[in-house]
């Protein structure tokens, strides 16, 4: 095994096979599906504090957008002073601009490891070469298997919805449900990221002497891009779940469900604090 397999994939494969053996020994149908749910849930719970911190930081960043725009206008030709002023603004607001990257860097290896581990377990329908590769990664002889039952709720976790004509029309439900869950999570994310405090709008005088709201082209562009991503990303995820094995879609949907729960909890907390 290479260093990537040893550090990222092998631990997750062992966790998957541990839960699989536990559920199988209890005679639970669809043991591999429940093993995927258990491992994905554990991973999502582990990164939950980082996700919560990222949400709060994003809210604060949204609240600072008007002040940042003013600084950019004021120091348009003085990048050094602009950077210093922005850092001072972040410091006063107790914001770490690099925290979003830190959360991403923490999540990325986990996502890569989960994806690759699941791909190795559910791909190829559990053929001999795949089983040998899995068994070579296991830490204990108790975890080793001679075969893996990869059926779950009338789905074969190694098959793709793209082959629905062979396996059944209900396979098409998987990419549809995946896209809808992703869309709902993106919608909740957008609501959660809204500023907790009302953002003061800059007013200017029109030619008739009436006060009107000054339009910020950069903010309008940002809002337009956010709306496009709201629909584009779920379509992309739905297409991926159409082309990839069902087991990987199950993993993605569990992550989405946890994300939906977290955003709903955050929105409820915001409503209570706003009273």
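For the range 25-45, indicate whether the set of residues that are loosely packed, with under 14 Cβ neighbours inside 10 Å, in a helix (DSSP H, G or I) and in contact (Cβ under 8 Å) with a residue 60 or more places away in the chain is non-empty.
Yes, the range 25-45 contains a residue that is loosely packed, with under 14 Cβ neighbours inside 10 Å, in a helix (DSSP H, G or I) and in contact (Cβ under 8 Å) with a residue 60 or more places away in the chain.
Look at residue 197 and say whether it is modelled with pLDDT under 90, under 21 Å from residue 67 (Cα atoms), surrounded by fewer than 17 Cβ atoms within 10 Å (Cβ to Cβ) and in contact with a strand residue (DSSP E or B) (Cβ under 6 Å, 6 or more places away or on another chain). Outline the logic, then answer.
On the way: modelled with pLDDT under 90: yes; under 21 Å from residue 67 (Cα atoms): yes; surrounded by fewer than 17 Cβ atoms within 10 Å (Cβ to Cβ): yes; in contact with a strand residue (DSSP E or B) (Cβ under 6 Å, 6 or more places away or on another chain): no.
It is false that residue 197 is modelled with pLDDT under 90, under 21 Å from residue 67 (Cα atoms), surrounded by fewer than 17 Cβ atoms within 10 Å (Cβ to Cβ) and in contact with a strand residue (DSSP E or B) (Cβ under 6 Å, 6 or more places away or on another chain).
Does residue 49 count as over 21 Å from residue 135 (Cβ atoms) and assigned to a helix (DSSP H, G or I)?
yes
Take the residues in the range 138-179 that are more than 27 Å from the chain's Cα centre (by Cα) and in a helix (DSSP H, G or I); name whichever of them is surrounded by the most Cβ atoms within 10 Å (Cβ to Cβ). Give the steps one after another, and end with the answer.
Going residue by residue through the range 138-179, those that are more than 27 Å from the chain's Cα centre (by Cα) are 138-149, 165-169.
The next check asks that each one be in a helix (DSSP H, G or I); those that pass are 141-143, 165-167, 169.
On the way: 141: 7, 142: 9, 143: 18, 165: 9, 166: 9, 167: 16, 169: 9.
Out of the qualifying residues, it is 143.
Could you check the range 16-69 and list, in sequence order, the residues that are touching a strand residue (DSSP E or B) at 6+ places or on another chain (Cβ under 8 Å) and at positive phi?
Within the range 16-69, just 30 meets the criteria.
So that you can scan it fast, the table gives a plain yes or no per residue for (1) modelled with pLDDT of 85 or more; (2) touching a helix residue (DSSP H, G or I) at 6+ places or on another chain (Cβ under 7 Å); (3) farther than 23 Å from residue 259 by Cα:
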{"residue": "23", "(1), (2), (3)": "yes, yes, yes"}
{"residue": "31", "(1), (2), (3)": "yes, yes, yes"}
{"residue": "42", "(1), (2), (3)": "yes, no, no"}
{"residue": "45", "(1), (2), (3)": "yes, no, no"}
{"residue": "57", "(1), (2), (3)": "no, yes, no"}
{"residue": "61", "(1), (2), (3)": "no, no, no"}
{"residue": "66", "(1), (2), (3)": "no, no, yes"}
{"residue": "69", "(1), (2), (3)": "no, yes, yes"}
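Name the residue that is farthest from residue 240 (Cα to Cα), counting only residues in the range 96-114 that are at pLDDT 75 or above and buried (at least 17 other Cβ atoms within 10 Å of the Cβ).
So, considering only residues that are at pLDDT 75 or above and buried (at least 17 other Cβ atoms within 10 Å of the Cβ), the one farthest from residue 240 (Cα to Cα) is 113.
Residues of the range 226-245 being modelled with pLDDT under 90, touching a helix residue (DSSP H, G or I) at 6+ places or on another chain (Cβ under 6 Å) and closer than 18 Å to residue 170 by Cβ, which ones?
Answer for the range 226-245, where residues must be modelled with pLDDT under 90, touching a helix residue (DSSP H, G or I) at 6+ places or on another chain (Cβ under 6 Å) and closer than 18 Å to residue 170 by Cβ: just 245.
The values are calculated or read from the model by the stated rules, or taken from the named source; none is laboratory data. Keep in mind that what you see is a predicted model, and the values were worked out from it rather than measured. As a convention, Cβ positions derive from the backbone with ideal geometry for all residues, glycine included, and neighbour counts pool all protein chains shown.
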